[in-house]
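Undergrad: Got a structure for you, written out below as structure tokens; questions coming shortly.
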Amino acid sequence: MTERNHEDNGVEEETGIATKTRPATKKPSLYRVLLLNDDYTPMEFVVEILVGIFRKTPEDAARIMLHVHQNGVGMCGVYTYEVAETKVAQVLDAARRGQHPLQCTMEKE
């Protein structure tokens with residue numbers, strides 16, 4: 001809404017309230033990164049992966065590794081798509097370099 005003010009000098013001036021519209025922002029989707037159990041990858045290697053790639057404490061890494069071992073799958077963390085994708089690639093690359101069949105996947109939360 002604007003008003004027109006007439007000043008003594010005959011010049012019209014517009015005054016109004018400036019409003020700023022904010023685009024609706026949506027939180028990015030999150031993804032769970034999961035390790036899958038196999039009968040060949042050493043438990044110590046899985047702990048190293050969890051500490052090195054996922055920045056878990058050795059205690060948390062051991063707990064997650066045992067969960068994977070006992071339940072067939074375990075969650076390493078929840079991340080945005082790009083971070084989750086990178087972590088999955090890092091795990092698969094480390095497993096390949098170590099000649100282990102360890103599998104890692106991501107799923108939308």
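The values are calculated or read from the model by the stated rules, or taken from the named source; none is laboratory data. Keep in mind the model is a prediction, meaning the values are calculated, not measured. Backbone-built Cβ (ideal geometry, glycine too); neighbour counts: all protein chains shown. We work out accessible area using only protein heavy atoms, side chains counted, and drop any ligands, DNA or RNA first. Shrake-Rupley method; radii C 1.70, N 1.55, O 1.52, S 1.80 Å.
Undergrad: Go through the stretch 16-36 and report how many residues are open to solvent by 60 Å² or more (accessible area, probe 1.4 Å) and either part of a loop (DSSP other than H, G, I, E, B) or polar (S, T, N, Q) (or both).
TA: Final tally of qualifying residues: 12.
Undergrad: Of everything in the stretch 91-109, what is under 11 Å from F45 (Cα atoms) and not in a loop (DSSP other than H, G, I, E, B)? Give them in sequence order.
TA: Matches in the stretch 91-109: V91, A94, A95.
Undergrad: Could you check how many residues of the stretch 37-61 are among the polar types (S, T, N, Q) and either surrounded by 15 or more Cβ atoms within 10 Å (Cβ to Cβ) or within 25 Å of K27 (Cα to Cα) (or both)?
TA: As a first pass, look at the stretch 37-61 and keep what is among the polar types (S, T, N, Q): 37, 41, 57.
Okay, now just the ones that are also either surrounded by 15 or more Cβ atoms within 10 Å (Cβ to Cβ) or within 25 Å of K27 (Cα to Cα) (or both), so 37, 41.
Residues flagged as among the polar types (S, T, N, Q) and either surrounded by 15 or more Cβ atoms within 10 Å (Cβ to Cβ) or within 25 Å of K27 (Cα to Cα) (or both) within the stretch 37-61 amount to 2.
Undergrad: Hey, another quick one. Hey, can you tell me all the residues within the stretch 45-72 that are over 22 Å from the mean Cα position of the chain (by Cα) and within 15 Å of Q103 (Cα to Cα)?
TA: Across the stretch 45-72, the qualifying residues are F45, H69, N71, G72.
Undergrad: Can you list residue pairs whose Cβ atoms sit under 7 Å apart, with the first residue in the stretch 62-73 being open to solvent by 60 Å² or more (accessible area, probe 1.4 Å) and the second being in a helix (DSSP H, G or I)? Count only pairs 6 or more apart in sequence or on different chains.
TA: H69/M43
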